[in-house]
Amino acid sequence: SQHKMWNYYMPIIIVICSNTLYHVCSKSTPRDANMFMSLIVTYLVATSSSIAFYLFSVQNRGLVLDIKSLNWTSILLGIGVFGIELGFIKMYRTGWDISAASLLTNAAISILLIFIGLIFYREHLSSNQMIGIALCLAGLFFFNR
């Protein structure tokens, strides 16, 4: 059904649009701005957005129960997000092109996640997927020449 397809592709659209906005903003952060103050404002906006969405969430079962259902992943995710944002701001400040920084880091992450998926999540690669990986690596080689 159309509703099912929309629910399947909508998260991908959100990630693509948000990630594009993220890189443009990271690249455009003023060089003389304190990057930690920039991140504080970023997290205040993200926190406000999260609170607003939480308050109107249909999955909201109550604050205590929702907090109790969390585990270590929320803390490590926060550390990971901070590291990503700090790393990209620093990359762009040292002169990385927006196209190269994103492509290189996403390719490296993808390769790492393939191994993590195979080892820890028992995922499998088809021959078509292996050919796709080889083509992506070849593309990276030519992109960086």
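The values are calculated or read from the model by the stated rules, or taken from the named source; none is laboratory data. Please read these numbers as outputs of a predicted model, since none were measured by experiment. Here the Cβ positions follow ideal geometry from the backbone for every residue, glycine too, while neighbour counts run over all protein chains shown. For accessibility, only protein heavy atoms count, side chains too; no ligands or nucleic acids. Shrake-Rupley method; radii C 1.70, N 1.55, O 1.52, S 1.80 Å.
Observations on the structure shown:
- Among the candidates Ile89, Ile98, Ile67, residue that is among the hydrophobic types (A, V, I, L, M, F, W, C) and without any contact (Cβ under 8 Å) to a residue 60 or more places away in the chain: Ile67
- Filtered by the rule that a residue be surrounded by 11 or more Cβ atoms within 10 Å (Cβ to Cβ) and outside any helix (DSSP H, G or I), segment 125-145 gives a lone residue, Leu125.
- Any hit, segment 77-88, residues being open to solvent by 60 Å² or more (accessible area, probe 1.4 Å), at pLDDT below 95 and over 15 Å from Tyr22 (Cα atoms): no
- Of all residues in segment 7-34, those satisfying the criterion of being assigned to a helix (DSSP H, G or I) and either polar (S, T, N, Q) or over 19 Å from the mean Cα position of the chain (by Cα) (or both) are Asn7, Ser18, Asn19, Thr20, Ser26, Ser28.
- Listed by first and then second residue, the pairs linking a residue in segment 123-145 that is in contact (Cβ under 8 Å) with a residue 60 or more places away in the chain to a residue that is part of a helix (DSSP H, G or I), with Cβ atoms under 8 Å apart and 6 or more places separating them unless they lie on different chains, form an empty list.
- Taking the conditions (1) surrounded by fewer than 11 Cβ atoms within 10 Å (Cβ to Cβ); (2) without any contact (Cβ under 8 Å) to a residue 12 or more places away in the chain in turn, Asn106 satisfies each one other than (1).
Table: residues versus (1) surrounded by 10 or more Cβ atoms within 10 Å (Cβ to Cβ); (2) within 23 Å of Asn19 (Cα to Cα); (3) out of contact with any strand residue (DSSP E or B) (no Cβ under 9 Å at 6 or more places or on another chain).
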| position | (1), (2), (3) |
| --- | --- |
| Pro30 | no, yes, yes |
| Leu44 | yes, yes, yes |
| Val58 | no, no, yes |
| Trp72 | no, no, yes |
| Ile114 | yes, yes, yes |
| Ile119 | no, no, yes |
| Glu123 | yes, no, yes |
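- Subset of segment 85-144 (residues that are farther than 29 Å from Val24 by Cα and among the aromatic types (Phe, Trp, Tyr)): Phe115, Phe120, Tyr121
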